[in-house]
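Please read the structure below before turning to the comments.
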Amino acid sequence: MLSKIVRTVANQLILFILIFGLYVIAHGHITPGGGFQGGAIIVSGVIMLLVAFSSKELKKSLRERVLSIMESTGALIFAALAFAGIGTVFFYNFLVGTPIFGRIPVPGPGPGDIWTGGVIPLMNFAVGLKVIAGLSAVVLAIALFSSGEEVEE
Amino acid sequence: MDTLITHSSILIIAIPLVTAFLIPLVGMTSKKARNALVIVSLAFVAFLVFALAKDIAINGIHIYTLGATSPDLTTPTGFMAPVRIILEVDGMSILMGIIWSIVSLAAAIFSFSHIASETGQNRFYTLLLLMVTGGFGMMFTGDLFNLFVFLEIASISGAALIAFRTKFADTQEGGFKYIVVSAIASLMVLFAIGLLYAQYNSLNIGALAQVIQYTTPDKIALALLLIAFTMKAGMVPLHLWFPDAYSVAPASITGMLVITSHACMYAAFRVCFTLYGGMLGTSVVGWILIIFGLLSMFVGVTMAVFQKDVMRFMSYHAISQLGYMWVGVGVGLAVLGNPALLATYGRDAISGGIFHILNHAMYKPLLFFTGGALFYCTGTRDLTKMGGLAHKMKWTTILYIIGTLSISGIPPLNGFSSKILIYESVYQFHPILTITGIIVSILTLASFTKAFHSAFMGAELPEYKEVKEVPRSMIIAMVILAAGIIFITLFPALIVNWIINPAADALINQGAYINAVTGATP
Amino acid sequence: MEYIPLNFPFLAAALLVGVSFYIIIFKKNLIKLIMGIAMLAAGVNLFLVSLGYRAGGTAPIYTDVPEGPMVLSVPQALTLTSIVINVAVLALMLTMVIHIYRHTGSLDSEKSRKMKG
């Protein structure tokens with residue numbers, strides 16, 4: 001565990017990291033970024049907490065069971081969205097033309113429209129959820145390993 | 001039913017994937033429900049594979065375009081080449097699919113008692129189903145990049161499964177070697193994909209095969225792909241990791257790893273036959289496969305003779321048996337450019353090699369499972385420490401005998417029918433191939449008899465007084481594979497006509513594969 | 001950026017791949033081996049990204065770009081997938097190395113039985 005200054009700053013900073021990560025996930029379909037990138041940004045925040053607090057401390061709030069459920073949920077949402085298109089074809093983008101993310105972007109230069117992309121933004125969120133949970137679990141497990149604690153990996 | 005078959009190829013890949021992520025949720029509530037879920041999903045996948053096989057036998061190559069407005073719309077209007085992810089299942093792919101569905105089902109059943117004493121079983125089944133996904137993906141994809149992705153999925157989950165029993169040091173070593181080899185192999189594949197994409201702006205195998213020129217970068221790409229796939233399949237100069245990794249995995253996983261080796265072999269064949277096809281200086285590549293195949297046969301069996309560890313012993317035999325397939329298909333590849341020779345013996349050589357894949361995929365997992373059963377009962381893999389187990393483990397003994405007779409090519413078992421097909425056809429290409437094959441076969445029989453003697457025969461040893469027959473689920477798993485062996489033994493002509501020959505034709509007939517994607521009339 | 005010769009990234013990629021193969025084959029330390037594989041991945045990724053590079057091109061986003069050439073998007077997607085996969089591979093390798101270190105007390109591939117790069 002590091003000094004009180006570091007812990008306080010880390011506590012404040014994690015909010016901004018979370019917001020930035022969510023921004024990258026949410027705009028994944030119109031700007032560079034997406035589920036994995038945003039998730040990785042958020043996990044970098046988790047690593048910061050891991051450095052500032054000890055891994056044992058963090059283990060209390062990030063429980064393995066919760067992470068496992070989150071990871072499975074993310075993957076299942078992704079698969080469910082893919083399966084939802086199976087009326088026509090697997091992975092078919094059935095949201096195109098509907099009010100939810102359904103606008104068709106105008107070709108050529110212009111401001112990016114966030115209500116486009118159909119199922120892709122939703123999939124980005126699912127992937128983001130999975131990446132956050134999965135990578136956090138990996139980072140936490142390795143940290144607990146190196147601090148000499150037995151974890152069931 | 002028709003809708004189900006239309007979507008079957010993607011369902012076969014997606015159902016294990018979804019089940020894999022359902023398992024942690026279901027496994028929290030009940031162990032039995034989780035096991036039932038694994039069995040139900042794998043059985044449903046097996047059913048779909050057989051339904052798809054029947055459809056392919058009637059209607060030809062099955063195409064599935066992900067995300068399009070219709071499954072067979074490979075090339076959207078306004079595009080010159082296929083742009084979407086395309087699954088393409090032909091006779092060869094579906095043969096591999098049939099093998100994989102049977103073996104993965106048997107492996108899952110075998111795991112129920114084999115892994116029962118370990119912690120973290122939910123993860124075990126998640127990884128197992130991910131590996132099933134990766135394997136099916138490799139076999140069914142019509143796209144080089146997805147081949148890479150699914151290869152990685154299969155390798156990562158496979159390595160994690162090898163290292164699953166963390167309490168042993170050797171499992172960690174084996175898993176580490178496996179993941180290092182896989183990482184290097186798959187990065188080589190990725191590099192080759194980059195080389196091909198740079199020239200032809202396409203990733204689809206069919207579309208690439210149509211335009212490939214066989215320039216120098218293409219040759220480099222071919223070399224990289226072949227080295228990568230033969231390394232992962234355990235061909236001889238690059239086989240050193242193979243026994244280390246395969247012998248330490250849980251036995252059910254070793255059985256599945258054998259099939260991932262076959263999947264890499266399938267990928268190598270797909271690259272040689274379908275991607276490069278007639279363009280290639282086929283006789284050169286064919287000879288390379290034959291020579292290293294012969295080396296594999298010989299080195300594998302001679303190394304196996306000296307092994308004391310039952311799983312290592314069987315792993316070296318796996319290398320040796322893989323050599324037969326390389327030789328068989330290599331002969332076919334060497335005469336691919338010559339229609340007359342191809343008709344005389346080339347097609348039979350390919351059929352023999354492919355038939356041997358099917359047979360090997362039945363008896364080698366069976367033998368690995370019996371090895372796992374021995375380990376389960378005695379707690380050791382050392383053959384010299386075992387003895388007299390036939391008195392206690394009657395089922396295992398009988399199943400081991402079936403596997404042994406089959407691997408040594410004793411007539412009338414299935415190993416014989418494929419080996420005779422290989423011997424007869426490659427004899428016309430070069431007699432020395434057949435002679436080596438027969439010698440290796442005899443050595444195989446000798447070493448398996450020796451292992452049988454030291455493990456099962458003799459007086460009951462005092463330290464194994466308490467040993468009982470293995471639990472029922474392990475026997476069921478082994479009986480499934482033994483039933484496969486007996487079925488092929490009884491109806492070899494049926495199997496060859498309905499499954500093997502279409503698969504061989506699918507490899508030879510490059511044009512049909514291309515036309516199925518590009519939509520041109522054949 | 002036009003003054004950089006276009007094959008410069010390819011040379012860098014080749015250098016990375018060469019050095020990483022040297023590390024993978026000749027270094028005995030397992031952590032160095034993992035670093036070698038990470039470098040190999042970096043080399044291949046650099047190769048893929050530079051394949052898609054077009055001089056003066058913009059980011060491959062469908063809307064909101066100025067007129068002009070676009071960088072190829074497919075190699076970028078490939079690279080991204082490859083990076084994601086490599087994260088998983090490296091995490092798995094590191095976990096295994098930790099286990100190996102616990103069992104053998106050493107990171108030397110010579111000391112643990114007969115490990116080969």
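The values are calculated or read from the model by the stated rules, or taken from the named source; none is laboratory data. All values reported here derive from a predicted model rather than from experimental measurement. Cβ coordinates were reconstructed from backbone atoms using ideal geometry, including for glycine residues, and neighbour counts include every protein chain displayed.
Residues being among the small types (Gly, Ala, Ser) and surrounded by fewer than 24 Cβ atoms within 10 Å (Cβ to Cβ): count how many of those fall in the range B:186-208.
We begin by selecting, within the range B:186-208, every residue among the small types (Gly, Ala, Ser); these are B:186, B:192, B:194, B:198, B:202, B:206-207.
The next check asks that each one be surrounded by fewer than 24 Cβ atoms within 10 Å (Cβ to Cβ); those that pass are B:198, B:202.
Adding up the residues that qualify gives 2.
Of everything in the range A:25-49, what is of a type in the set (Val, Ile, Thr), closer than 11 Å to A:Gly128 by Cβ and away from chain C (no Cβ under 13 Å)? Give them in sequence order.
Within the range A:25-49, A:Ile25, A:Ile41, A:Ile42 meet the criteria.
What number of residues within the range B:169-185 satisfy the criterion of being more than 8 Å from every other protein chain (Cβ to nearest Cβ) and among the aromatic types (Phe, Trp, Tyr)?
Of the residues in the range B:169-185, 1 are more than 8 Å from every other protein chain (Cβ to nearest Cβ) and among the aromatic types (Phe, Trp, Tyr).
Go through the range B:108-153 and give me each residue that's aliphatic (A, V, I, L, M), within 13 Å of another protein chain (Cβ to nearest Cβ) and touching a residue at least 24 places away in the same chain (Cβ under 8 Å).
If the condition is that a residue be aliphatic (A, V, I, L, M), within 13 Å of another protein chain (Cβ to nearest Cβ) and touching a residue at least 24 places away in the same chain (Cβ under 8 Å), then B:Leu127, B:Leu129, B:Leu130, B:Leu144, B:Leu147, B:Leu151 are the ones that fit.
Here are some residues: C:Ala12, C:Ala77, C:Ala88, C:Ala59. Which one is more than 17 Å from B:Ala185 (Cα to Cα), free of Cβ contacts under 8 Å to residues at least 12 places away in the same chain and not charged (D, E, K, R)?
Going through C:Ala12, C:Ala77, C:Ala88, C:Ala59 in turn, just one is more than 17 Å from B:Ala185 (Cα to Cα), free of Cβ contacts under 8 Å to residues at least 12 places away in the same chain and not charged (D, E, K, R): C:Ala77.
Of A:Phe90, A:Phe94, A:Phe78, which residue is within 14 Å of chain B (Cβ to nearest Cβ) and within 22 Å of B:Pro24 (Cα to Cα)?
Just a single option satisfies the conditions, and that option is A:Phe78.
Read through the list (1) within 11 Å of another protein chain (Cβ to nearest Cβ); (2) more than 24 Å from B:Tyr64 (Cβ to Cβ); (3) free of Cβ contacts under 8 Å to residues at least 40 places away in the same chain, then give the number of the only condition that B:Met188 fails.
B:Met188 satisfies every listed condition except (3).
Looking only at the range B:400-417, decide whether some residue is surrounded by fewer than 19 Cβ atoms within 10 Å (Cβ to Cβ) and part of a helix (DSSP H, G or I).
Yes, the range B:400-417 has at least one match.
When you go through B:Ile193, B:Ile156, B:Ile205, B:Ile162 one by one, which is the residue that is touching a helix residue (DSSP H, G or I) at 6+ places or on another chain (Cβ under 7 Å), within 27 Å of B:Gly277 (Cα to Cα), among the aliphatic types (A, V, I, L, M) and modelled with pLDDT of 90 or more?
On the way: B:Ile156 fails: within 27 Å of B:Gly277 (Cα to Cα); B:Ile205 fails: modelled with pLDDT of 90 or more; B:Ile162 fails: within 27 Å of B:Gly277 (Cα to Cα).
Matching residue, one of B:Ile193, B:Ile156, B:Ile205, B:Ile162: B:Ile193.
In the list C:Met93, C:Met39, which residue meets the criterion of being within 12 Å of chain A (Cβ to nearest Cβ) and of a type outside the set (S, T, N, Q)?
C:Met93
Looking at B:Ala263, B:Ala221, B:Ala245, B:Ala267, can you tell me which residue is crowded, with 24+ Cβ neighbours inside 10 Å, in a helix (DSSP H, G or I), touching a Lys or Arg at 6+ places or on another chain (Cβ under 6 Å) and of a type in the set (Gly, Ala, Ser)?
B:Ala245
Does B:Leu128 qualify as being surrounded by fewer than 24 Cβ atoms within 10 Å (Cβ to Cβ) and either of a type outside the set (Phe, Trp, Tyr) or over 18 Å from the mean Cα position of the chain (by Cα) (or both)?
In short, no.
Somewhere in the range A:50-62, is a residue hydrophobic (A, V, I, L, M, F, W, C), in contact (Cβ under 8 Å) with a residue 60 or more places away in the chain, crowded, with 17+ Cβ neighbours inside 10 Å and part of a loop (DSSP other than H, G, I, E, B)?
yes
At the interface with another protein chain (Cβ under 7 Å from one of its Cβ atoms), in contact with a helix residue (DSSP H, G or I) (Cβ under 8 Å, 6 or more places away or on another chain) and part of a helix (DSSP H, G or I), is that true of A:Ala84? So that I can check it myself, show each step before the final result.
Details: at the interface with another protein chain (Cβ under 7 Å from one of its Cβ atoms): no; in contact with a helix residue (DSSP H, G or I) (Cβ under 8 Å, 6 or more places away or on another chain): yes; part of a helix (DSSP H, G or I): yes.
When the stated conditions are applied, A:Ala84 does not pass them.
Restricting to the range B:336-347, name every residue that is surrounded by fewer than 24 Cβ atoms within 10 Å (Cβ to Cβ) and not aromatic (Phe, Trp, Tyr).
Within the range B:336-347, B:Gly337, B:Asn338, B:Pro339, B:Ala340, B:Leu341, B:Leu342, B:Ala343, B:Thr344, B:Arg347 qualify.
Name, by its number, the condition in (1) without any contact (Cβ under 8 Å) to a residue 60 or more places away in the chain; (2) assigned to a helix (DSSP H, G or I); (3) surrounded by 16 or more Cβ atoms within 10 Å (Cβ to Cβ); (4) facing chain A (nearest Cβ under 10 Å) that does not hold for B:Thr3.
B:Thr3 satisfies every listed condition except (3).
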